Amino acid sequence: MGLQDRQRYTLIQEPIGELYQGLIDQACGICEIVLLVVQPSLGLQSRAEALLGSLQPFLLDRRQTAAWPGTRLINETAWVSRFRLTPECALLLKSATVRLYDWQQPELPEDLALLRGDGTTWLASIAHEGDGFLELSPDELQALRAALPQLTLRAD
């Protein structure tokens, strides 16, 4: 299925608790990459540093860039780390917080995103704005609605 068959769906309400955990679980069958952002100007608390340390075995790469899914910085850059999504990595993401929009510095790295193996976005968040979206094929949308019927989405 090509990119043209995917549609963007905005999250109407923040996934919290079981919904947040369910999103991570659903991603495990589709996605291969976790993306997290660290903006040097915002600093990190020990909780965020500990989590990044726990994620080290899954690190694929770390790049300085001004853009990631849902965000484009002007006149500055941030460190974007890509991690391999495995069941162990997913467990760390689920134990780090119970809310999608908790992914904000300095308590945690910024803007959790989940990407397919080809690098395309499945889930992106702009946590400090309370914003998130999914880019789904019709089959992915159907599977997500079946697994998480209480997840509220709006087609964009």
Any idea what angle helix 46-55 forms with the longest principal axis of the chain, computed on alpha-carbon atoms, 0 to 90 degrees, nearest 10?
-> 60
Degrees between helix 18-28 axis and first principal axis of the chain (Cα, 0 to 90, nearest 10) | 90
Hey, can you find the accessible area per residue of region 95-156 for me, probe 1.4 Å, expressed in square angstrom?
-> 40
Charge dipole of region 2-156 built from unit charges on the beta carbon (Lys, Arg +1; Asp, Glu -1), centred at mean Cα; most positive-end Cα among ALA66, GLN150, GLN105 is ALA66
Given charges at beta-carbon only (K, R positive; D, E negative), |dipole| of the chain in Debye | 140
Put CYS89, CYS28 in order of accessible area, largest first, probe 1.4 Å, and you get CYS28, CYS89
Restricting region 24-84 to GluC sites (Glu not before Pro) in coil, as DSSP defines it, with at most 14 other Cβ within 10 Å = GLU76
Computed from the beta carbon distance with a Förster radius of 30 Å, FRET efficiency for SER41 and ARG154 to the nearest 0.05 stands at 0.40
Distance in nm between LEU60 and THR86 label points, each 7 Å along Cα→Cβ, equals 1.4
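The values are calculated or read from the model by the stated rules, or taken from the named source; none is laboratory data. The structure presented is a predicted model; accordingly, all values stated were derived computationally and were not measured. We place every Cβ from the backbone using ideal geometry, glycine too, and count neighbours over all the protein chains shown. Note: areas computed on protein heavy atoms with side chains; ligands, DNA, RNA excluded. Shrake-Rupley method; radii C 1.70, N 1.55, O 1.52, S 1.80 Å.
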